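We did not get these values from a lab; they are worked out from the coordinates using the rules stated. The model shown is predicted, which means the values in this text are computed figures rather than measured ones. In this analysis, Cβ positions are derived from the backbone assuming ideal geometry, glycine residues included, and neighbour counts consider all displayed protein chains.
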Amino acid sequence: MQQQTFLVTGGAGFIGSAVVRHLVRQGARVINLDKLTYAGNPASLTAIENAPNYRFVHADIADTATIPPLLREEQVDVVMHLAAESHVDRSIDGPGAFIETNIVGTFKLLQSALQYWRELEGEKRDGFRFHHISTDEVFGDLPFDSGIFTEETPYDPSSPYSASKAASDHLVRAWGHTYGLPVVLSNCSNNYGPFHFPEKLIPLTILNALEGKPLPVYGKGENIRDWLYVDDHAKALATIATTGKVGQSYNVGGRNERTNLQVVETICDLLDQRIPLADGRKRRALITFVTDRPGHDRRYAIDATKLETELGWKAEENFDTGIAATIDWYLENEWWWGPIRSGKYAGERLGQTA
Ligand code: NAD
């Protein structure tokens, strides 16, 4: 098969860097466009940064002067749009950046992609795809004991973050319907795994538990999330971007529902087995219940049947294997998380994302 060229936005972030590493290792040509906000970390790309099929471009998705010439110069086949403000707690404290990047930024990127696509001809034009990467949080809140999100579930976002992602999904669909831009969308459940920024629930818990620090859990820890290992998501995204049907959306999830308390307790128990605390305490004793997040959705759960049956993707990790691999990775890679923990983020309110 002919080598395809991907423009990945947000490729220095958690999921974007997994996508970039995967595509580069598959032999695709990858242009990573990232603004390097607090969440973007070039160290996550050390393993592939010198590969001949990889290029980094430091830019904003809203930069309509830079992006159309870049798409032309690189003869891009697929845009995978992951760049976003992604942390729910930050969206509650300061929603402005979420509107700016997730909505206005996506609008401007769509305009850049449309301008480029309109200039293409023949097979190159037919083969072009704009893949928008989104979240299951656009579907809102499920009861604890019933329901599951399908591609037909109506949008009902609860937080400034999920509302901004819902808006961007609508814009992408509108650019498909109105201007004919060949778009495809995916909505994924919560990701976890290596290179996850230490403000999020799983890495925060692993690192605090390692150091014997308190483990904050919102409310009573009853909220349920459907966890997917990040490398499984990266493979799903590569599948959707290259074989997904134009105009369609695909739900991505691994059928691994856990309450937040179960997640934290699992990490405590696995770490106790590997590295007992010096004072003999069990790490579950470190769990500290804190005031719940405002508007905290109770439960998310994804039905990924369409992606599994139509495109043949299936998650390879279950939660037990994935969380063990994640803990191993944090134990072995202090070079990556150490500077973040000890640096400017250490004093901030470290929340827990959905
Ligand atoms: P992240 O916060 O780790 O990374 C976001 C990246 O985007 C960073 O590298 C940042 O520098 C970059 N960025 C931000 N604003 C930019 C701008 N204006 N221009 C260019 N680059 C910019 O996010 P993530 O967790 O990797 O999520 C990636 C995408 O996947 C997001 O769109 C998110 O909504 C979606 N998603 C995330 C999850 C999850 O569990 N993390 C689940 C489903 C969907």
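Please tell me which of these pairs span more than 28 angstrom C-alpha to C-alpha: Lys165/Lys200; Lys220/Lys282; Lys213/Lys235; Lys165/Lys213; Lys35/Lys165; Lys124/Lys235? Walk me through the numbers before you get to the answer.
On the way: Lys165/Lys200 18 Å; Lys220/Lys282 20 Å; Lys213/Lys235 35 Å; Lys165/Lys213 33 Å; Lys35/Lys165 18 Å; Lys124/Lys235 23 Å.
From the list (Lys165/Lys200; Lys220/Lys282; Lys213/Lys235; Lys165/Lys213; Lys35/Lys165; Lys124/Lys235), the Cα-Cα distance tops 28 Å for Lys213/Lys235; Lys165/Lys213.
Would you work out the relative contact order for the range 234-354, in percent, from Cα pairs under 8 angstrom that are 6 or more residues apart?
Working: 57 pairs, mean separation 44.0, N = 121.
Relative contact order here is 36 percent.
Going by alpha carbons, how many degrees (0 to 90, nearest 10) lie between the helix axis of 106-119 and the longest principal axis of the chain?
That works out to roughly 30 degrees.
Can you show me the helix-derived [θ] at 222 nm for the chain, built from DSSP H runs with n ≥ 4 at -39,500 (n - 2.57) apiece and divided by the number of residues, rounded to the nearest 500.
Numbers: 12 runs with 135 residues, N = 354.
Theoretical 222 nm ellipticity from helices: -11500 deg cm²/dmol.
Which shape class applies to the range 287-332: rounded if a/c is under 1.5, otherwise prolate when a/b exceeds b/c and oblate if not, where a ≥ b ≥ c are the square roots of the Cα gyration tensor eigenvalues? List each step's numbers first, then the result.
Numbers: a/c = 4.00, a/b = 1.26, b/c = 3.17.
Oblate, because a/c is 1.5 or more while a/b does not exceed b/c.
Rounded, prolate or oblate: which fits the chain when a ≥ b ≥ c are the square roots of the eigenvalues of the alpha-carbon gyration tensor, with rounded for a/c under 1.5 and prolate only if a/b beats b/c? Before the final figure, lay out each step's value.
Details: a/c = 1.80, a/b = 1.54, b/c = 1.17.
Prolate, because a/c is 1.5 or more and a/b exceeds b/c.
Along the range 154-160, what does the Karplus equation 6.51 cos²θ - 1.76 cosθ + 1.60 (θ = phi - 60°) give for ³J(HN,Hα), rounded to whole Hz, x for Gly and Pro?
Going residue by residue, I get x, 6, 7, x, 10, 9, x Hz, with x marking Gly and Pro.
Sort the range 4-104 into rounded, prolate or oblate with this rule: let a ≥ b ≥ c be the square roots of the eigenvalues of the Cα gyration tensor; rounded if a/c is under 1.5, and if a/c is not under 1.5, prolate when a/b is larger than b/c, oblate otherwise. Walk me through the numbers on the way to the answer.
On the way: a/c = 2.38, a/b = 1.46, b/c = 1.63.
Verdict is oblate for the range 4-104.
With θ set to phi - 60°, apply the Karplus curve 6.51 cos²θ - 1.76 cosθ + 1.60 along the range 234-239 and write out the HN-Hα couplings as whole Hz, x wherever there is a Gly or Pro.
Values per residue, Gly and Pro as x: 4, 5, 4, 5, 4, 5 Hz.
Going by average Cβ density within 10 Å per residue, which order do the peptides 58-67, 138-147, 280-289 take, highest to lowest?
Working: 58-67: 17.7, 138-147: 15.5, 280-289: 13.9.
For the peptides 58-67, 138-147, 280-289, the packing ranking is 58-67, 138-147, 280-289.
Sort 97-107, 224-234, 35-45 by the packing proxy (mean of other Cβ within 10 Å over each peptide's residues), most packed first.
Working: 97-107: 20.5, 224-234: 23.7, 35-45: 18.4.
Ranked by mean Cβ neighbours within 10 Å, highest first: 224-234, 97-107, 35-45.
Between the helical axis of 319-332 and the dominant principal axis of the chain, each derived from Cα atoms, what acute angle in degrees is found, rounded to the nearest 10?
The helix 319-332 is inclined about 80 degrees to the chain.
Provide the per-residue ³J(HN,Hα) series for the range 39-52, in order, calculated from phi with Karplus coefficients 6.51, -1.76, 1.60 and θ = phi - 60°, each as a whole number of Hz, with x at glycine and proline positions.
Per residue, the Karplus-derived 3J(HN,Hα) values read 8, x, 9, x, 4, 6, 10, 3, 5, 10, 4, 9, 5, x Hz.
With both bridge residues required to lie in the chain, what share of the DSSP beta bridges run antiparallel, to the nearest 5%? Please report the intermediate quantities before stating the final value.
Working: 4 of 40 bridges.
Percentage antiparallel, nearest 5: 10.
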